[in-house]
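Chemist: Structure in structure tokens, see below.
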């Protein structure tokens with residue numbers, strides 16, 4: 001039996017094919033996004049929303065290579081993916097067939113490409129799903145769903161299979177959240193690299209990575225040391241999976257949903273035939289809850305939700321419902337919540 005590569009080996013193999021795209025919209029506004037080389041002749045795939053309104057682009061590879069002359073090839077706005085091209089020869093990763101994935105297959109996510117050290121996280125495949133079934137994702141294409149949300153920041157991440165082949169891009173824009181559990185299959189957008197040049201971006205040699213925000217602190221004389229007191233033991237960090245497996249009660253906070261209230265959300269959950277399978281009970285007292293379901297209103301008719309620990313410090317899972325009518329919106333939220341929670345309730 002051929003042994004599979006370790007996470008470090010996967011990361012080392014993928015690194016020469018990974019890049020960060022700097023997109024300059026003005027002299028003071030630069031955004032970043034992940035990119036992956038898929039053709040040796042200079043073609044990369046990157047999230048479209050990152051470069052959509054950019055005037056200039058720069059592509060920085062983890063090898064240290066930098067390209068200031070970048071062209072736009074094909075665009076798939078539905079999937080939020082664009083193909084760009086640089087002048088050099090690239091080390092392209094093989095692209096795997098996403099349709100052959102099975103539930104439970106091991107995958108890795110590489111993110112934080114702007115930092116000196118690549119971040120790699122292990123996950124597994126939950127499903128290969130049509131986007132129509134995913135609230136807020138649009139329609140007409142497939143997504144790779146992971147078993148757990150993965151933190152990728154605003155720049156996105158790259159999904160790799162257990163052999164280190166490229167599987168998908170986590171574009172990081174679907175739910176405007178720093179964590180996500182969906183990736184766009186790369187094999188569905190490879191053809192974008194065959195398109196003719198549609199735009200040549202301005203030279204990106206002057207672009208710089210955005211500086212992280214640094215809190216401003218004032219310097220003041222140190223106060224006199226107070227009497228020593230016994231410090232309380234720090235609260236242990238909530239175990240996300242343990243809560244999802246063992247929770248029995250949830251409290252609903254829909255104060256910021258605007259179009260409906262907590263009672264409407266409770267009714268939508270309890271009327272869904274699959275809700276009893278979760279073995280959860282909705283309570284009216286937050287002090288009696290093992291988790292809190294928070295729903296808010298976003299742009300248009302989108303209602304993102306988050307399931308958090310009782311003290312709201314730990315994100316357990318998230319999703320969204322979208323509809324132009326409140327009754328349908330709460331029904332869609334209930335469907336997405338039940339689908340994402342159910343995988344933890346039968347283990």
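Derivation of every value follows stated rules applied to the coordinates shown; laboratory data play no part. Computed from a prediction, not measured in an experiment: that's the story for all the values here. Backbone-built Cβ (ideal geometry, glycine too); neighbour counts: all protein chains shown.
Chemist: Any idea what the relative contact order of segment 1-93 is, in percent, if you count C-alpha pairs under 8 Å spaced at least 6 apart?
Modeler: 30 percent
Chemist: Within a 10 angstrom radius of the beta carbon, how do 20, 295, 130 rank from fewest other beta carbons to most?
Modeler: 130, 20, 295
Chemist: Something else about it: Compare the peptides 25-38, 187-200 by average per-residue count of other Cβ atoms within 10 angstrom and give them in order, highest first.
Modeler: 25-38, 187-200
Chemist: Turning to a different aspect of this structure: Would you list the P(r) distribution for segment 3-90, with all Cα-Cα distances sorted into 5 Å bins from 0 and each bin expressed as a whole %?
Modeler: The calculated distribution, bin by bin, is 3, 14, 25, 23, 16, 10, 5, 2, 1, 0.
Chemist: Would you mind calculating the gained length between residue 279 and residue 162 on full extension (0.36 nm times residue separation, minus the Cα-Cα distance), in nm to one decimal?
Modeler: 38.7 nm
Chemist: Moving on. So if we plug the beta-carbon distance of residue 53 and residue 114 into 1/(1 + (r/R0)^6) with R0 = 22 Å, what FRET efficiency do we get, rounded to 0.05?
Modeler: About 0.65, to the nearest 0.05.
Chemist: Where the eigenvalues come from the Cα gyration tensor of segment 240-345, what are the semi-axes √(5λ) of the equivalent ellipsoid, largest first, in whole Å? Don't jump to the answer; show the numbers that get you there.
Modeler: On the way: eigenvalues 82, 42, 32 Å².
After scaling each eigenvalue by five and taking roots: 20, 14, 13 Å.
Chemist: Mind checking the full-extension length gain between residue 6 and residue 97? Use 0.36 nm per residue of separation minus the Cα-Cα distance, one decimal, nm.
Modeler: Full-extension gain reported as 30.7 nm.
Chemist: Further question: For segment 180-199 and segment 93-131, what is the separation of their C-alpha centers, rounded to whole Å?
Modeler: 16 Å
Chemist: Could you compute how fast segment 11-54 diffuses translationally, taking Rh as the Kirkwood radius over C-alpha pairs and applying Stokes-Einstein at 10 °C with viscosity 1.306 mPa s? Give it in µm² per second. Let's see the in-between values first.
Modeler: Values: Rh = 11.4 Å.
It diffuses with D of about 140 µm²/s by this estimate.
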